[in-house]
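Q: If you scroll down you'll find the structure; I have some questions about it.
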Amino acid sequence: MASISCHRAVPSNKVSLSSSSSALFTTPLSRSSLFSTVSVPSRASRGRISCRISSTSAPPPPSSVNGPAKAGMKDFLHISDFDKATIMKILDRAAEVKAVIKSGDRTFLPFKGKTMAMIFAKPSMRTRVSFETGFSLLGGHAIYLGPNDIQMGKREETRDVARVLSRYNDIIMARVFAHQDILDLAKHATVPVINGLTDYNHPCQIMADALTIIEHVGRLEGTKVVYVGDGNNIVHSWLLLAAVIPFHFVCACPKGFEPDAKTVLKAQQAGISKIEITNDPQEAVRGADVVYSDVWASMGQKEEAAHRRQVFQGFQVDENLMKLAGPKAYFMHCLPAERGVEVTDGVVEAPNSIVFPQAENRMHAQNAMMLHALGL
């Protein structure tokens, strides 16, 4: 191992600086690579910098192949990885940070000097803008890596991507297709990994939804949330939240489009919430505090769109369905919406629609999730 000592000769006061940087080199330096002195031409006001490399430095501290462990830091992959107290603490923090940002105060900069790598195997407007803007507003710098920038798992193995990005960044957010990709990233990364969406679940969205419900209904516990449509990754995250926070969750979907059976069982066996899976949307929405919808064909399923439109007839959230829910029911949608398909334009634009406050809360919930993950 080698060390570098550098001295700057300053004519006026002869100040010298030296540093040991053994961690910069991981293999012995050959004789031909040893530079005894490097001189930089200077003006009268500058001195000369000379650097010597010797082989007498102490070895670097031991570390794993991946780098240091995630001491005091946490991934955010599934809502059910946390207990009720932690989830509520994050939601409270989201409300506090939102209030600071909305006030115009720009002195709260917990992410100052930190960088975030954002991996997008799946493109998204809300996910990119909410993460990038939120991280920036709190002082950090986010780096967008699009579908062609990495080609994770194709051009480069996921474990290698995780280890390389960990050495450049303080946190990683990934929006991917296969759920195994986010698990592999978290396994090999030495910085926190945030699940920006997988085909299995979408914790960022549901944390934002929970914050929105608290703001408008006044509470999350004890509410009735009715999801109408495909039993997709949004439903899975609602189920995982229901395994932690007590509320009544109903998924009304066509036969054959129910959510993952193991996830339903996990939520039911937790014994926290009332969980129902039904094929009758009209009966499901009665007494709902929130009626929730999503596109019938998600990204990667567009070839099924025509077939799904036929199968999902009767599962559109329209004005009549909202009337059955009652005058106090709010409408939510994770967006983008196909107006006239899974929801009518009139429902999206109605006074009890909270889809846009819901979209805004992606940023605030995610900021709180990242603060928690980084231990800030």
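The values are calculated or read from the model by the stated rules, or taken from the named source; none is laboratory data. Every value quoted in this text rests on a predicted model; they were computed, and no experiment measured them. All Cβ positions, glycine included, derive from the backbone under ideal geometry; neighbour counts span all protein chains shown. Side chains included, ligands, DNA and RNA excluded: accessible areas come from the protein's heavy atoms. Shrake-Rupley method; radii C 1.70, N 1.55, O 1.52, S 1.80 Å.
Q: 7 Å from Cα along Cα→Cβ at both Ser124 and Asp345: what's the point-to-point distance in nm?
A: Spacing of the two 7 Å Cα→Cβ label points: 2.8 nm.
Q: Sort Thr278, Thr223 by heavy-atom solvent-accessible area, probe 1.4 angstrom, most to least.
A: Thr278, Thr223
Q: Where Rh denotes the Kirkwood radius from the mean inverse Cα pair distance, what is Rg over Rh for segment 250-318?
A: Radius of gyration relative to Kirkwood radius: 0.99.
Q: If you don't mind, there's one more thing I want to ask. Could you compute the net charge surrounding Leu183? Neighbours are other residues with a C-beta less than 13 Å from the C-beta of Leu183; K and R count +1, D and E count -1.
A: With Lys, Arg at +1 and Asp, Glu at -1, the net is -3.
Q: Lys/Arg Cβ at +1, Asp/Glu Cβ at -1, dipole of segment 204-356 taken about the Cα centre: which of Gly326, Val348, His248 is farthest positive-ward?
A: His248
Q: Whenever you get a sec, line up Glu319, Glu96 from highest to lowest accessible area (probe 1.4 Å, protein heavy atoms).
A: Glu96, Glu319
Q: Enter the accessible area of His248 (Å², nearest 10), with the probe set to 1.4 Å and all protein chains included.
A: His248 has an accessible surface of roughly 30 Å² with all protein chains in place.
Q: Right, another one. Between Gln268, Cys204, Leu239, whose Cα lies farthest towards the positive end of the dipole of segment 204-356 when Lys and Arg beta carbons carry +1 and Asp and Glu beta carbons carry -1, centred on the Cα centre?
A: Looking along the dipole axis, the top candidate is Gln268.
Q: How do Phe249, Phe108 stack up against each other in accessible area, from largest to smallest, with a 1.4 angstrom probe?
A: So the residues, ranked largest to smallest area, are Phe108, Phe249.
Q: Taking a probe of 1.4 Å, how large is the accessible area per residue of segment 143-230, in Å²?
A: The answer is 37 Å² per residue.
Q: From Cα coordinates alone, what are the radius of gyration and Dmax values for segment 204-356 in angstrom?
A: 14.2, 40
Q: When the dipole is taken about the Cα centre of segment 204-356, and only Lys, Arg (+1) and Asp, Glu (-1) are charged at their Cβ, what size is it in debye, to the nearest 20?
A: 320
Q: For segment 327-376 and segment 71-94, what is the separation of their Cα centres, given in Å?
A: Each part reduced to its Cα centre gives a spacing of 20 Å.
Q: Rank Leu335, Asn279, Ala306 by how far each Cα sits towards the positive end of the charge dipole of segment 204-356 (+1 on Lys, Arg Cβ; -1 on Asp, Glu Cβ) and give me just the farthest.
A: Asn279
Q: A follow-up question, please. Report ³J(HN,Hα) in whole Hz for each residue of segment 224-239, in order, from the Karplus equation J = 6.51 cos²θ - 1.76 cosθ + 1.60 where θ = phi - 60°; Gly and Pro get x.
A: Those phi angles translate into 10, 10, 10, 9, 10, x, 6, x, 9, 5, 5, 4, 4, 6, 4, 5 Hz.
Q: Shifting gears a bit: In the full protein assembly as shown, how much of Lys89 is accessible to a 1.4 Å probe, in Å² to the nearest 10?
A: Around 140 Å² of this residue is reachable by solvent.
Q: Between Leu376 and His307, what FRET efficiency follows from the Cβ-Cβ distance if R0 is 41 Å, with the result rounded to 0.05?
A: That gives a FRET efficiency of 0.30.
Q: For segment 313-324, in order, what is each residue's ³J(HN,Hα) by Karplus, 6.51 cos²θ - 1.76 cosθ + 1.60 with θ = phi - 60°, in whole Hz (x at glycine and Pro)?
A: Karplus values, whole Hz, x for Gly and Pro: 4, x, 10, 6, 8, 10, 4, 5, 5, 5, 5, 5.
Q: At a Förster radius of 25 Å, what calculated FRET efficiency corresponds to the Cβ-Cβ distance of Asn148 and Lys187, to the nearest 0.05?
A: 0.55
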